[in-house]
Amino acid sequence: MGQVLIMDLQAKMAHFRLPDTTVTHASYPFIPRTALHGLLASILGLKDLSFTEDGSPAANYVGIRLMSKVASSFHGMSMLGKGWAGSSRDTFNRPVSIELLQNPYYRVFYSGSHFEELAAMVSSRRAVYHTYLGVCYCPVYPQYVGAMDFAEIDCESVGTVEVSSVVPSSAIKRLEPQPGYSYARAGGFHYEHMGNREFRGVIHMVYEVSGGPLVLTPNPEIDRSKLMFVRLVNGEVICLW
């Protein structure tokens, strides 16, 4: 048994920039793991979630449930910046297109070493630093939903389950499409931020575009130290990773 902290992130817009995009600033379809870790660290006033107060390594698991349809639009923007070597101009003005996610709404689940501190901060609507969805002009204010007990699911014997959260593709042995739902795969999410804009690991996600559930058979060979399926006391099944 364990405990999970539940909070809602709802805003007018968000932008989680895909790497290696220049003329068009494309966005991931929902908040990446690294951005979510950064947001939680901002609430606590930490650089990251890697360590506990006594300096020992921290364990952190998050889950993301889409509460609204994934939708985006592109907008024109002018990038102002300094000149570059060999240029006679001191500044440059470069038009770009930026993809903004419209009305993002996520239910976030957290279980790990910072549970008590995060629960105290979020439930009292406090944060040390500003919280935002990817960029500073997309502020968000975490809303406390509650805390709930959970039990880990044995992936070797569970069979088919209905999962309400997004799920890493590596955790799925078989996906069973349901009538009326549309499924998508989003690739290239960074798994872990090492500092100084360096990342380690890549993860690919599967989700239902309107926030519907995934009916699937879990992969029994998943690394349970990094990923687990859990059943909350209300019967809901989510994936923590």
Residue-ordered couplings for region 56-64, obtained by feeding phi - 60° into the Karplus form 6.51 cos²θ - 1.76 cosθ + 1.60 and rounding to whole Hz (Gly and Pro as x), are 7, x, 9, 9, 9, 10, 10, x, 10
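Report the full-extension gain for the segment Y181 to Y141: residue separation times 0.36 nm, less the Cα-Cα distance, to one decimal in nm.
11.4 nm
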Counting only backbone N atoms under 12 Å from a point 7 Å out along Cα-to-Cβ of V209, the residues of region 164-186 in range are 181-185
Sorted by chain and number, the residues with a modelled amide H under 5 Å from that of L133, at a separation of 5 or more or across chains, are C138, V140
Most packed first (mean Cβ within 10 Å per residue), the peptides 158-166, 24-32 order as 24-32, 158-166
For region 1-54 the mean separation of alpha carbon contacts under 8 Å (6+ apart) over residue count, i.e. relative contact order in percent, is 20 percent
Scan of the chain for trypsin sites (Lys or Arg not before Pro) in DSSP loops with at most 12 other beta-carbon atoms within 10 Å gives a longest site-free stretch of 127-196
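Can you work out the FRET efficiency for the pair S50 and S78, with r the C-beta to C-beta distance and R0 = 45 Å, to the nearest 0.05? Before the final figure, lay out each step's value.
Values: r = 37 Å, r/R0 = 0.82.
The computed FRET efficiency comes out at 0.75.
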Note: M1 to A71 extended length (0.36 nm per residue) minus current alpha-carbon separation gives 21.6 nm
With Rh as the Kirkwood radius over Cα pairs, the chain has Rg/Rh of 0.99
To the nearest 10 degrees, the tilt of helix 33-44 (Cα long axis) against the first principal axis of the alpha carbons of the chain is 90 degrees
Pairs over 30 Å Cα to Cα, from K12/K226; K69/K173; K69/K226, come to K12/K226
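No lab work stands behind these numbers, since they all come straight from the coordinates. All values reported here derive from a predicted model rather than from experimental measurement. A quick note on method: Cβ atoms are made from the backbone with ideal geometry, for glycine too, and the neighbour counts reach across all protein chains shown.
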